[in-house]
Ligand code: NDP
Ligand code: 8X3
């Protein structure tokens with residue numbers, strides 16, 4: 001094995017593509033997510049191609065589950081060298097006075113607290129092994145706030161701050177921290193945001209060639225395989241037709 005990569009939220013979108021990419025490059029991949037059927041299906045696919053895979057089924061929002069599962073990783077998989085904090089979501093899109101507080105809690109609990117629980121459990125392992133790389137998937141929404149995005153944007157602003165804080169705090173431990181901020185990418189993201197409304201989800205990408213999950217996987221892999229002395233701190237990527245949250249050129 002080239003090394004061990006843990007990807008949170010590997011049952012769909014970016015996380016799945018990132019796991020596939022690292023597996024194809026000879027890394028052992030720890031894939032995580034709540035949907036066990038999807039994890040099993042990805043495990044079968046990767047194993048068939050000769051990759052080493054460890055599926056871990058848990059909800060990042062549950063501190064107890066995160067600690068229970070991650071503190072019991074089999075010895076052969078303990079030396080996590082790369083952690084991709086990817087699990088996350090947007091729920092709803094409305095003005096602050098009309099927001100659904102359950103949606104707010106889901107976003108804060110997943111995008112911020114979940115990322116923290118996983119990081120808190122894995123970083124000591126990296127420190128003990130003498131180094132590592134944490135890659136946090138933020139969003140352009142973290143710095144480029146848009147109407148109705150309020151709480152989702154705030155969670156990604158928190159991710160930006162935490163990436164910076166991690167870099168500072170872990171400086172003496174040979175741990176790289178990379179914050180990746182993508183713009184529009186067509187995954188299950190909008191389907192989740194609009195609670196299964198396929199038409200609304202599809203409309204987000206109308207007239208645009210959005211980023212794909214494979215694009216993000218290429219970028220994560222690039223960041224993770226630079227020489228030991230090189231660390232990309234922040235990387236923003238949008239489709240060519242996007243110049244920020246409020247600027248999208250649509251054909252037709
Ligand atoms: P998807 O909806 O396609 O995938 C999200 C992944 O996160 C799934 O594997 C899901 O797994 C996992 N996840 C969600 N909630 C939890 C939870 N509570 N516990 C464990 N896993 C969870 O979306 P994307 O791939 O697009 O999103 C990945 C990340 O990228 C997110 O952080 C998102 O905010 C960010 N992002 C997305 C952009 C886009 O336009 N698509 C742009 C910028 C950033 P499961 O449901 O099985 O638990
Ligand atoms: C996802 C991109 O612009 O929909 O983070 O917030 S956006």
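Throughout, read-outs are computed from the coordinates displayed, never taken from laboratory work. Treat the numbers as computed from the prediction; the structure is a model and nothing was measured. A quick note on method: Cβ atoms are made from the backbone with ideal geometry, for glycine too, and the neighbour counts reach across all protein chains shown.
A few remarks follow.
- Peptide ranges 1-13, 103-115, 66-78 listed from the most packed, as the mean C-beta count within 10 angstrom indicates: 1-13, 103-115, 66-78
- Taking the number of Cβ atoms within 10 Å of each Cβ as an exposure proxy, the fewest-first ranking of 205, 146 is 146, 205.
- The angle between the Cα long axis of helix 213-224 and the main principal axis of the chain comes to about 40°, on a 0 to 90 degree scale.
- With 0.36 nm allotted per residue and the present C-alpha distance subtracted, the residue 79-residue 214 stretch has 46.0 nm of extension available.
- Residues in the stretch 117-160 reached by a label modelled at residue 95 [backbone nitrogen below 12 Å; 7 Å Cα→Cβ]: 148
- Principal-axis tilt of helix 36-48 within the chain, Cα atoms, nearest 10 degrees: 60
- Against the main long axis of the alpha-carbon atoms of the chain, helix 150-169 sits at an angle near 30°.
- Principal axis box of the stretch 106-203, alpha-carbon based, largest edge first, Å: 48, 23, 21
- Residue list for the stretch 86-114, given a label point 7 angstrom along the Cα-to-Cβ vector of residue 146 and an amide N cut-off under 11 Å: none
- Model label points for residue 222 and residue 25, set 7 angstrom from Cα along the Cα-to-Cβ axis, are 1.2 nm apart.
- Note on the chain: Cα-Cα pairs beyond 29 Å make up 26% of the total pair count.
- Take every Cα pair under 8 Å whose residues are at least 6 apart in sequence, average their separation, divide by the length of the chain, and the relative contact order is 19 percent.
- Over the chain: helical MRE at 222 nm, DSSP H runs n ≥ 4 each giving -39500 (n - 2.57), nearest 500: -11500 deg cm²/dmol
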